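Read the structure below first, then the notes.
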Amino acid sequence: MPLDLTAEFTRDATAEVEGVWENIGGDAELLIAAWENPAQTKALRAIPRALRRRVEAGRLTPDEDHALMCRIVAETILLGWKNIQFKGKDIKYSREAAEKVLREVPRFYSLVLELAQEEGRFLEAELEKKVKN
């Protein structure tokens, strides 16, 4: 049986931008958009020219680079959460809260990037299978 590449490898345009809920343990869930989605591309292009030149020349300090990426990920990738605590207290989702947590918890930042880069999460065929189950 032939493999239809379009059916198997086409991203769901809505899911890649609006995100997919992902359970990360217990009742905790994250709303994750796809890496390299249109909103992320737009945010990267919107970086001021002077800062963009520093980025491209590799002249940002590691802290500056991490802060910039956390801001962009909070704006375009980590779009929501449920049942998350930070330093022992419930924390309501907001872009600002997401940016803070991403900056202060490196392993959480890594998890968000990993989830956003898993192509299968955003493929139409995989989403259809989840709906059927």
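Kindly indicate which of Ile72, Ile77 is of a type in the set (A, V, I, L, M, F, W, C), farther than 30 Å from Leu5 by Cβ and under 14 Å from the mean Cα position of the chain (by Cα). Write out each step before concluding.
Details: Ile77 fails: farther than 30 Å from Leu5 by Cβ.
Matching residue, one of Ile72, Ile77: Ile72.
Could you run through the range 14-69 and say how many residues are of a type in the set (S, T, N, Q) and open to solvent by 60 Å² or more (accessible area, probe 1.4 Å)? Steps first, answer last, please.
Of the residues in the range 14-69, the ones of a type in the set (S, T, N, Q) are 14, 23, 37, 40-41, 61.
Cutting the leftovers down to open to solvent by 60 Å² or more (accessible area, probe 1.4 Å) gives us 14, 23, 61.
Of the residues in that region, 3 qualify.
In the range 84-103, how many are surrounded by 13 or more Cβ atoms within 10 Å (Cβ to Cβ) and more than 17 Å from Asp27 (Cα to Cα)?
Filtering the range 84-103 down to residues surrounded by 13 or more Cβ atoms within 10 Å (Cβ to Cβ) leaves 84, 86, 91, 93, 95, 97-103.
Filter again for more than 17 Å from Asp27 (Cα to Cα), leaving 95, 97-103.
Residues meeting the conditions: 8.
Scanning for something within 11 Å of the chain's Cα centre (by Cα), open to solvent by less than 50 Å² (accessible area, probe 1.4 Å), within 19 Å of Gln117 (Cβ to Cβ) and of a type in the set (D, E, K, R), does the range 2-13 turn up at least one residue? Quick ask: steps written out before the conclusion?
Within the range 2-13, the subset within 11 Å of the chain's Cα centre (by Cα) is none.
No, the range 2-13 has no match at all.
Do the conditions hold for Leu111, that is, is it within 20 Å of Ala34 (Cα to Cα), open to solvent by 40 Å² or more (accessible area, probe 1.4 Å), outside any helix (DSSP H, G or I) and at pLDDT 95 or above? Please lay out each step first, then the result.
Details: within 20 Å of Ala34 (Cα to Cα): yes; open to solvent by 40 Å² or more (accessible area, probe 1.4 Å): yes; outside any helix (DSSP H, G or I): no; at pLDDT 95 or above: yes.
No; evaluated as a whole, the condition is false for this residue.
For Thr61, are the conditions met, namely being closer than 18 Å to Glu16 by Cα and of a type in the set (S, T, N, Q)? Step through it out loud before you land on a result.
Values: closer than 18 Å to Glu16 by Cα: no; of a type in the set (S, T, N, Q): yes.
The answer is no for Thr61.
The values are calculated or read from the model by the stated rules, or taken from the named source; none is laboratory data. Keep in mind that what you see is a predicted model, and the values were worked out from it rather than measured. Methodologically, a virtual Cβ is constructed for each residue, glycine included, from the backbone with ideal geometry; neighbour enumeration extends over all protein chains shown. The area values use the complete protein model at the heavy-atom level, side chains included, leaving out ligands, DNA and RNA. Shrake-Rupley method; radii C 1.70, N 1.55, O 1.52, S 1.80 Å.
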